[in-house]
Amino acid sequence: MYRVGVDLGGTNIVAGVINEEMKTIGRGKLKTNCPRAAEAILEDVAKAVEAAVIDAGITMNDVVSVGIGTPGSVNKKNGVIEYANNLAFDNVPARDILESRLKKTIYLDSAALGEAKAGAGKGVNSFVAITLGTGVGSGIVIDGKLVTGVNDAAGEMGHMVIVSDGEACTCGRRGCWESYSSATALIRQTKDAMRHDPYTAMWDLVGNNISRVNGRTSFDAMRAGDETAKKVVNQYIFYLATGITNVVNALQPDMICIGGGIGHEKENLLVPLRKMVERERYSIHAKVQTQIISAELGNDAGLIGAALLDR
């Protein structure tokens, strides 16, 4: 029995065939290429699913369900993505479109269940997943269940404000955590620093082509001893720690798991992050504290979480 999970992000559409051992045995990947029509993006979701099935050496007849882990708020009753700012989705009937296209039962929700059920959060009572990608994705799992709220829109922690009247966010607010701690934000911060310092080693790393800056550029230059890169990374981690501290103070979960593209930095990110959170959290004197760890499933967390949406 096989399930397909899709991690629908603002940069990539990644599909994976998941077996009963929760292992990914086939993959398909396409660029999201935002902004464009929702129907075009969903057509590429279907194509990514079909590519993953072919890669796994099976057919669609072997697939029992397809789960879509999507950003934004999802009405699970009618399968409508009501709002997803990074995809420019507004009341998109994604389930109906994909069921018509793939002829399979489609489930839509946050994909945070992947790490909770098969990764770092397995057996943990209260768990928060944070994904640092195009935006700041998040999900809250308590007693094995996603916290979805009265309207299935809960858990959007990337859109809590951490800087009053700060950077504009694609959600329409200003100063959102996402606008300071996403990979997109880090790339912007890196480029700004490079424009102010023509001698930083970051220019060499990108071949003097600022359009080649990515989420690794500042971290790589920092490791090489570049002072400007160190400032970029420290400021970025400060913003990240501000949001994480808010999560700790509000929920006091057993564990917070950091994943996504920037999460690949692992201890280079987490060691200074933990120190900042330890210094700022309200529960400074408590004997039991929230663990802050890296995602175990890596890029497969979203796929596995989406594939498990039918359970």
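Mean sequence separation of contacting Cα pairs (under 8 Å, at least six apart), scaled by the length of region 87-171, corresponds to a relative contact order of 18 percent. To the nearest 10, the accessible area of Phe89 is 0 Å² with a 1.4 Å probe. Largest to smallest in accessible area, the residues His159, His285 fall in the order His285, His159 (1.4 Å probe, all protein chains included). For the residues Leu251, Leu303, a 1.4 Å probe over the protein chains yields an accessible-area ranking, largest first, of Leu251, Leu303. Dipole magnitude for region 135-196: computed about the Cα centre from +1 point charges on Lys and Arg Cβ and -1 point charges on Asp and Glu Cβ, it is near 240 debye.
In this structure, the residue pairs whose Cα-Cα separation is over 20 Å, taken from Lys31/Lys266; Lys77/Lys122; Lys47/Lys145; Lys117/Lys275; Lys191/Lys231, are Lys31/Lys266; Lys77/Lys122; Lys47/Lys145; Lys117/Lys275. Just to be sure I understand, if you calculate Cα extents along the principal axes in Å for this structure, which of [x] 46, 44, 41; [y] 59, 58, 39; [z] 56, 49, 35 do you get? Label [z] holds the value from this structure. With the charge dipole of the chain set up from +1 on Lys and Arg Cβ and -1 on Asp and Glu Cβ about the Cα centre, the Cα lying farthest toward the positive end among the listed residues Ile292, Val17, Val4 is that of Ile292. In the chain, the DSSP beta bridges split such that about 60 percent are antiparallel, to the nearest 5. Across the accessible surface of region 1-104, with the other protein chains kept in place and a 1.4 Å probe, carbon and sulfur atoms take up 49 percent. The charge dipole of the chain, taken about its Cα centre with unit charges on the Cβ atoms of Lys, Arg (+1), Asp and Glu (-1) only, comes to about 240 debye. The amide H of Tyr2, built 1.01 Å from its N in the peptide plane, has Val64 as neighbours under 5 Å, considering only residues 5 or more places off or on other chains. Note down the net charge around Lys77, summing +1 for each Lys or Arg and -1 for each Asp or Glu among other residues with Cβ under 13 Å from its Cβ. Charge balance near Lys77 sits at -2.
Glu20 sits with roughly 90 Å² accessible to a 1.4 Å probe, with DNA, RNA and ligands left out of the calculation. In the chain, helical runs assigned H by DSSP with n ≥ 4 each contribute -39500 (n - 2.57); averaged across all residues and rounded to the nearest 500, the mean residue ellipticity at 222 nm is -10500 deg cm²/dmol.
For a test of the definition: using alpha carbon positions, the gyration tensor, and the 1.5 limit on a/c, classify region 176-311 as rounded, prolate or oblate. It would help to have the intermediate numbers written out before the result.
Working: a/c = 2.43, a/b = 1.49, b/c = 1.63.
It is oblate, given that a/c is not under 1.5 and a/b is not larger than b/c.
Among rounded, prolate and oblate, which fits region 25-152 when a ≥ b ≥ c are the square roots of the eigenvalues of its C-alpha gyration tensor, a/c under 1.5 means rounded, and a/b larger than b/c means prolate? Because a/c hits 1.5 or more and a/b fails to exceed b/c, region 25-152 counts as oblate.
Counting only heavy atoms of the protein chains, get the accessible area per residue of region 159-311 (1.4 Å probe) and round it to a whole Å² value. Write out the running numbers ahead of the final one.
Numbers: 7550 Å² over 153 residues.
Per residue, region 159-311 has an accessible area of 49 Å².
For region 30-95, the solvent-accessible area of protein heavy atoms averages 44 Å² per residue (probe radius 1.4 Å; ligands and nucleic acids excluded).
When ranked by the protection proxy of mean other Cβ atoms within 10 Å per residue, highest first, what sequence do the peptides 160-172, 230-242 form?
Descending mean neighbour count gives 230-242, 160-172.
For region 122-276, with all protein chains present and a 1.4 Å probe, just round the carbon and sulfur fraction of the accessible area to a whole percent. Exposed carbon and sulfur together represent 51 percent of the surface.
The values are calculated or read from the model by the stated rules, or taken from the named source; none is laboratory data. Keep in mind that this is a model prediction, so the values were computed, not measured. All Cβ positions, glycine included, derive from the backbone under ideal geometry; neighbour counts span all protein chains shown. Heads up: the accessible areas ignore ligands, DNA and RNA and are worked out on the full protein's heavy atoms, side chains in. Shrake-Rupley method; radii C 1.70, N 1.55, O 1.52, S 1.80 Å.
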